[in-house]
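Bear in mind these aren't lab numbers, they're just calculated from the coordinates by the rules spelled out. What you see is a predicted model; the values in this text were computed from it and never measured. Here the Cβ is made from the backbone with ideal geometry for all residues, glycine too, and neighbour counts use every protein chain on show.
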Amino acid sequence: MQRIATYTFFFLWLCCATAHALETCIVDIRGISPIYENNVRAALSLLHMDPTAQISEPHIQALAVKGVGEAKTALVPFGYLQPEITVTWQQSQEQWIVLYDVVPGQATVVKTLQVLLKGTVTNDPYLKDMSSFHYLHPGDVMNHVLYEQMKVDLLDEAVRQGYLDARWVQHEVQISPNLRDAHIYLHLDLGTPYTIESIDINKNYFNTHFLTGFLNVHVGDRYIIENILSTQSRLNSNG
């Protein structure tokens, strides 16, 4: 099995100018949906040429051919690992026209999703909603954008629920040799949740009893950052 790298995407619209005001480069991409097309366009060197550079057929040809590999890479995050792409180009009056015909092929599908949360608290009710961050499920087309977001949101939620030392001990996607199946393994070491051991109130000219009425956290409570910030906001607005 092999691990597939994660890619960063940028979504751009086409604009390809040259040193000659009337000469332009038009790229036409066929066979894929707009969201995939946008990612391919963002990856094409052909669409990021120096606007002061001279356009010549060898230059267009080299960038057009290079774009086949760039387009294939741009489709990987969406689960298409074996697309077939052909490219042609021609000059029409003052314009170069480059055409990419894309056959995405069969998408890689999630076969396994294993999410393990290991901590010192068993069946922690604070973590009951963690499954809502499972953005991919067996049978879904493998999407590396959702995979990366799932990792971020699972860890962030653990931290929000008091597991400040949570860390990933395993996070990987394994692709079967035939490139058809994806196996996702996410193992999060939660550690021990933090609790509030003491509350120190700077009384200023208010007495402690008065200020305590604005607290929504208490000694022994789970350290939930939202509750801490809410208490701080209430104290500030009444102080």
Rounded Å value of the spacing that divides the Cα centres of the stretch 164-203 and the stretch 38-58: 41 Å
Karplus (6.51, -1.76, 1.60) ³J(HN,Hα), θ = phi - 60°, over the stretch 86-102, in Hz, Gly and Pro reported as x: 10, 10, 9, 8, 7, 9, 10, 6, 9, 10, 9, 10, 10, 10, 10, 9, 10
Interchain or long-range residues, amide H under 5 Å from Leu164's placed H: Tyr194
Where labels lie 7 Å past Cα in the beta-carbon direction, separation of Leu116 and Gln174 in nm: 1.2 nm
Rounded, prolate or oblate (a/c below 1.5 giving rounded, otherwise prolate when a/b exceeds b/c) for the stretch 16-107 by Cα gyration tensor: prolate
Pair Gln232, Arg30: separation of 7 Å Cα→Cβ label points (nm): 5.8 nm
Long-range amide H partners of Asp221 with built H, under 5 Å: Ile196
